[in-house]
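Heads up, the thing below is written out as structure tokens.
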């Protein structure tokens, strides 16, 4: 093989390399990010069971769970009312208005309850997690914890993940209950559906398997939201082309957006596994 042929053979991959390079670079960045998040989550979950974590977890349960209850109840009420209104007019066309209770309850328990609860808590508590930890990072408070031999993951991250695992299922249950009441207000009190038929359909259609699947989703969403929000805040100082308050804002925004996207992706995956 002469030198001319060798050069000609290498001209083809060199011409195609600029098209492959961005894709490969993006995949490597994605793999690195997923690996970092997995290690971050694994260490944080392991530290939940270490001593002296209970007071920190209780504090975060109040911050994440109790302080999010009002917005969850409000959204759940109007979600149930809208469901009752829309489903009533749809079911009437098929002469099945009596199954309104089943339609509202199953929609909430299986799907809307866990998903909307997770999104609401992400908007209220997840953004606060990312902003608070991000502020501690740029103000060097996390470095001070390391200097005092206090593990930042044990002190800042693990209690938030544990509190989310506790709070999300409870908030989901509240959402489901108030949503069914909202459906009752619209369907029975405003549109004239029989109250006994409504609650009979709710009781007969909702099974323990439906409730369990909703709680499984809530726990999965809790781990995703708390991990992503804490991770983005913890590594605020590594935001590209930004620092200080701007980096905190970018971390908070990316934490909320990424959490909401992953909630929907995880919802499909968990639903496909549980069906």
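The values are calculated or read from the model by the stated rules, or taken from the named source; none is laboratory data. All figures in this text were calculated on a predicted structure; none of them were measured in a lab. Quick reminder, even Gly has a Cβ in these numbers, built from the backbone with ideal geometry, and neighbours come from all protein chains shown.
On the stretch given as region 191-213, residues that are free of Cβ contacts under 8 Å to residues at least 12 places away in the same chain and over 30 Å from residue 43 (Cα atoms) total 7. Scanning region 179-207 for residues that are outside any helix (DSSP H, G or I) and touching a helix residue (DSSP H, G or I) at 6+ places or on another chain (Cβ under 8 Å), we see that the one that is farthest from residue 89 (Cα to Cα) is 206.
Criterion applied to 3, 81 was being over 20 Å from the mean Cα position of the chain (by Cα) and either at pLDDT below 90 or exposed (fewer than 10 other Cβ atoms within 10 Å of the Cβ) (or both), and the one residue passing it is 3. Return yes or no: is residue 246 more than 16 Å from residue 126 (Cα to Cα) and not in a helix (DSSP H, G or I)? Judged against the criteria, residue 246 is not a match.
Number of residues in region 164-179 that are over 16 Å from residue 212 (Cα atoms) and surrounded by fewer than 24 Cβ atoms within 10 Å (Cβ to Cβ): the value is 1.
In region 57-67, is there at least one residue being without any contact (Cβ under 8 Å) to a residue 24 or more places away in the chain, in a helix (DSSP H, G or I) and exposed (fewer than 11 other Cβ atoms within 10 Å of the Cβ)? No, the conditions are met nowhere in region 57-67.
Each residue in region 226-253 was checked for being within 17 Å of residue 34 (Cα to Cα) and crowded, with 16+ Cβ neighbours inside 10 Å, and 13 pass. The criterion of at least 2 residues that are under 17 Å from the mean Cα position of the chain (by Cα) is met by the following helices (runs of 4 or more DSSP H) wholly inside region 103-178: 113-121, 127-138.
The test for being under 25 Å from residue 46 (Cα atoms), surrounded by fewer than 18 Cβ atoms within 10 Å (Cβ to Cβ) and out of contact with any helix residue (DSSP H, G or I) (no Cβ under 8 Å at 6 or more places or on another chain) does not hold for residue 261.
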